[in-house]
Amino acid sequence: MIGIDGHVHPEVETVNPYRPHRARITSIVDLTDNEKLFELRLIDEESRAEFSHSAGQFVEVSIFGVGEAPISISSAPSKQGFIELCVRRAGDVTGALHDMRCGDIIGIRGPFGRGFPFEQMKGSDVLLVAGGLGIAPLKSLINHIHDERHAFGNVTILYGSRTPSEILFRRQFEMWQHRDDFDMVLTVDQADETWTGEVGLVTKLFDRIDVDPSNTYGAICGPPVMYKYVIAEMRKKSIDADRIYVSFERRMKCGVGKCGHCGVGHQYACVDGPVFNYWEAMNLQEAI
Ligand SMILES: Cc1cc2nc3c(=O)[nH]c(=O)nc-3n(C[C@H](O)[C@H](O)[C@H](O)COP(=O)(O)OP(=O)(O)OC[C@H]3O[C@@H](n4cnc5c(N)ncnc54)[C@H](O)[C@@H]3O)c2cc1C
């Protein structure tokens, strides 16, 4: 096919971005009262072998007869043959998914969008900051860095949750707080009797970290209100705007830049994002 740029695009003939792949649910883990971790395996062998993603990309999940929802891939790109999705029960599609069982079949379109610049980040320190469900896309990046740990400098993860019971991947992350190769700090807005760690907003944790601004990338994902404050803390640590990456959640439908639902300024979060660097985001109207 000849595209509007006048070039021949043979891939357009073969890939239909609207056609979902059938995928089987192979494992379901309850993470909290509202979030589950689903492991999925594409049924078609060829599609499974060809499927690859970068950390920060998302898929459109379809529950037949209900609808579609964009969900970030939480597993590392290096995990071949399966993908993991961490899903909060929010409404029709995510509710129907939560009611499904191992062995059930769903649809997957994608992966879509632009993820974190993993290759570019190599050789640098990385500071990852997540709030609540924002850990879902960052988990893919964390897992990918873990797989190639030797390629990175210091890796610091700051993760804030409202309460201890809402911390996603709590057991794993509590163990990671004792690792030497990752500096992981968890904090909650409100403690309970099980909590002996930090209390306060994730921004409070910046007081206890050292950053080498000339050699650090920042990656942020969380509720909309969090971005402004976390970016301000990273800027106070003198991290350049074009080294701070933010993942935006916008309501989206098609995932391929056609329907216009996910406009951020003059760009679309589904194809130009969902990951933007702060330098780009500053120039996008109403991005932050
Ligand atoms: C790029 C991207 C990645 C995402 N990754 C994840 C993920 O990893 N895990 C996860 O659990 N969720 C994720 N989400 C959010 C998820 O897509 C929505 O929760 C889901 O679309 C809700 O669909 P539903 O049919 O279950 O709910 P609906 O029945 O459509 O809606 C339920 C309620 O949620 C509101 N809502 C729907 N979509 C959004 C949205 N995008 N932002 C704010 N409010 C919304 C509706 O207005 C309504 O009040 C992501 C969204 C985007 C855009």
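Quick notes
- Residue within region 61-71 that is closer than 12 Å to P137 by Cβ and either open to solvent by less than 20 Å² (accessible area, probe 1.4 Å) or within 12 Å of the ligand (Cβ to nearest atom) (or both) present: yes
- Within region 213-227, the set of residues being more than 18 Å from the chain's Cα centre (by Cα) and open to solvent by 10 Å² or more (accessible area, probe 1.4 Å) comprises P213, S214, N215.
- A single member of R22, R88 is closer than 23 Å to R250 by Cα and either within 16 Å of the ligand (Cβ to nearest atom) or outside the structural domain of E148 (by TED's automatic domain parsing) (or both), and it is R88.
- Segments classed as strands (runs of 3 or more DSSP E), wholly inside region 106-188, with at least 3 members that are free of Cβ contacts under 8 Å to residues at least 12 places away in the same chain, open to solvent by 10 Å² or more (accessible area, probe 1.4 Å) and touching a Pro at 6+ places or on another chain (Cβ under 6 Å): none
- Pairs where the first residue, in region 253-278, is at positive phi and assigned by TED's automatic domain parsing to the domain that holds G67 and the second is within 12 Å of the ligand (Cβ to nearest atom) and open to solvent by less than 40 Å² (accessible area, probe 1.4 Å), C-beta under 7 Å, 6+ apart: none
- Leading residue by the ranking (farthest from A136 (Cα to Cα)) among those in region 233-254 that are open to solvent by 40 Å² or more (accessible area, probe 1.4 Å) and within 12 Å of the ligand (Cβ to nearest atom): K253
- Within region 72-88, the residues that satisfy the criterion of being open to solvent by 20 Å² or more (accessible area, probe 1.4 Å) and free of Cβ contacts under 8 Å to residues at least 60 places away in the same chain are Q80, G81, F82, E84, R88.
- Whichever residue in region 27-45 is free of Cβ contacts under 8 Å to residues at least 12 places away in the same chain and open to solvent by 80 Å² or more (accessible area, probe 1.4 Å) and, among such residues, is nearest to Q80 (Cα to Cα): E45
The values are calculated or read from the model by the stated rules, or taken from the named source; none is laboratory data. Source: prediction; values computed, not measured. For neighbour counting, all protein chains shown are included, and Cβ atoms are generated from backbone atoms with ideal geometry for every residue, glycine included. In case anyone asks, the SASA skips ligands and DNA or RNA and just uses the protein heavy atoms, side chains included. Shrake-Rupley method; radii C 1.70, N 1.55, O 1.52, S 1.80 Å.
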